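Written out below as structure tokens is the structure these notes cover.
The values are calculated or read from the model by the stated rules, or taken from the named source; none is laboratory data. Remember, it's a predicted structure, so these values are computed and weren't measured experimentally. Note that each Cβ is placed from the backbone with ideal geometry, even for glycine, and that neighbours are counted across all protein chains shown. Accessible surface is based on the protein model in full, side chains and every heavy atom, while ligands, DNA and RNA are left aside. Shrake-Rupley method; radii C 1.70, N 1.55, O 1.52, S 1.80 Å.
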Amino acid sequence: MADSRDGHLELRPVQESDLDDLFAQNSDPQSVAMAAFTSENPGDRDLFDARMARLMASPDVTLRAITWHGRLVGSIASFDMDGQTEVTYWIERRSWGQGIATAALRLFAAQIPVRPLYARVASDNAGSRRVLEKAGFVPIGTETSFAAGRGTTIEETILRLGPESPATVDA
């Protein structure tokens, strides 16, 4: 299982050279369906590049590449949404189930001093919900929203990491 303490998992700023791999990861049809809440057209490279340029330039967004044994396996970010700081992450499909997302989220949350932190997940995405809960996030409600990755309205679970439950690297 992945563990940030063993030195094989790292978070670093996203670089221009990461964009081809990140685009491939973010446009994988099975991953898009699982994540559900994605861009309206995840296969549009121009839209992806424009979005990434905005995120990389924004002082209100913390965007990191996730590497495992030196290989780019995903990304993780925090951003402001209606006055609340939310986190989001994306792990390439071939790296699912290895503990990478959990280790990356724990490490990232330990580096972000803002509390509470919020996250949202498609309620039927059990794997991602487990990742969030292992990192200390607790469900606080649900909401029905349009999920572009599925082309329909679905339920999403809202989770919170509060000051009383800070994420730690060795949790």
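Points to keep in mind about this one:
- Cα-based shape type of the stretch 4-68, given that a ≥ b ≥ c are square roots of the gyration tensor eigenvalues and the cut on a/c is 1.5: oblate
- Computing FRET efficiency as 1/(1 + (r/R0)^6) for residue 16 and residue 130, where r is the C-beta to C-beta distance and R0 is 45 Å, gives about 0.85.
- For q = 0.21, 0.27, 0.29, 0.30 Å⁻¹, Debye-computed log10 I/I(0) when each Cα of the stretch 102-146 counts as one equal scatterer: -0.74, -1.08, -1.17, -1.21
- The listed residues 86, 40 rank as 40, 86 when sorted by accessible area, largest first, using a 1.4 Å probe.
- Computed over protein heavy atoms with a 1.4 angstrom probe, the accessible surface ordering of 17, 123, 78, largest first, is 17, 123, 78.
- Chain lengthening between residue 146 and residue 41 when straightened (0.36 nm per residue, less Cα-Cα): 36.4 nm
- Each listed q (0.18, 0.20 Å⁻¹) maps to a log10 I(q)/I(0) for the chain, found by the Debye formula over equal Cα scatterers with no solvent: -1.26, -1.60.
- Net charge, residue 150 excluded, C-beta distance under 12 Å - Lys, Arg +1, Asp, Glu -1: -4
- Difference of contour (0.36 nm per residue) and Cα-Cα distance, residue 53 to residue 88: 10.9 nm
- Accessible area in square angstrom per residue, the chain, 1.4 angstrom probe: 51
- Remark: the residue 80-residue 155 segment gains 24.9 nm on full extension, using 0.36 nm per residue and subtracting the alpha carbon distance.
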